[in-house]
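Below is one structure, written out as structure tokens, with a few remarks after it.
The values are calculated or read from the model by the stated rules, or taken from the named source; none is laboratory data. Keep in mind that this is a model prediction, so the values were computed, not measured. All accessible areas refer to the heavy atoms of the entire protein, side chains included, with ligands and DNA or RNA removed. Shrake-Rupley method; radii C 1.70, N 1.55, O 1.52, S 1.80 Å.
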Amino acid sequence: MKINTIEIQKFKAASHGNGLVMFKVDATVTPKAPIDGIEPSSIISISEVNARVLMALLKAQLMELDGRKARSQR
């Protein structure tokens, strides 16, 4: 498994389909060396402003998905 540090610079768009919510982003991806004794994991970092944008995009996508469900599935 490759371990990376991913820094989101900007969220450009959000969409959904086939059970997935997808985001188009500008990001920098740099390899990260594993640390002995710690499970290897990639890290995604975003600014507070971009975190707020992410929340708004997620909320909009989820509301759109909920609007398409039949009343019995809500």
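Lys59: which lysines have alpha carbons under 17 Å from its alpha carbon, excluding same-chain residues fewer than 8 sequence positions away?
Qualifying lysines at Cα under 17 Å: Lys12, Lys24, Lys69.
Give me the angle, in degrees from 0 to 90, between the Cα long axis of helix 48-68 and the longest principal axis of the Cα atoms of the chain, rounded to the nearest 10.
Approximately 40 degrees, to the nearest 10.
For the stretch 18-72, report the accessible area per residue in Å² (1.4 Å probe, heavy atoms, rounded to an integer).
Spelled out: the 1.4 Å probe surface of the stretch 18-72, per residue, equals 85 Å².
Taking the stretch 1-45 as the region of interest, what is the percent of Cα-Cα pairs per 10 angstrom bin, listed from the shortest bin to the one with the maximum distance?
Per 10 Å bin, starting at 0, the Cα pair percentages come out as 25, 36, 30, 8.
Can you put Ile6, Ile44 in order of accessible area, largest first, using a 1.4 Å probe?
Ile44, Ile6
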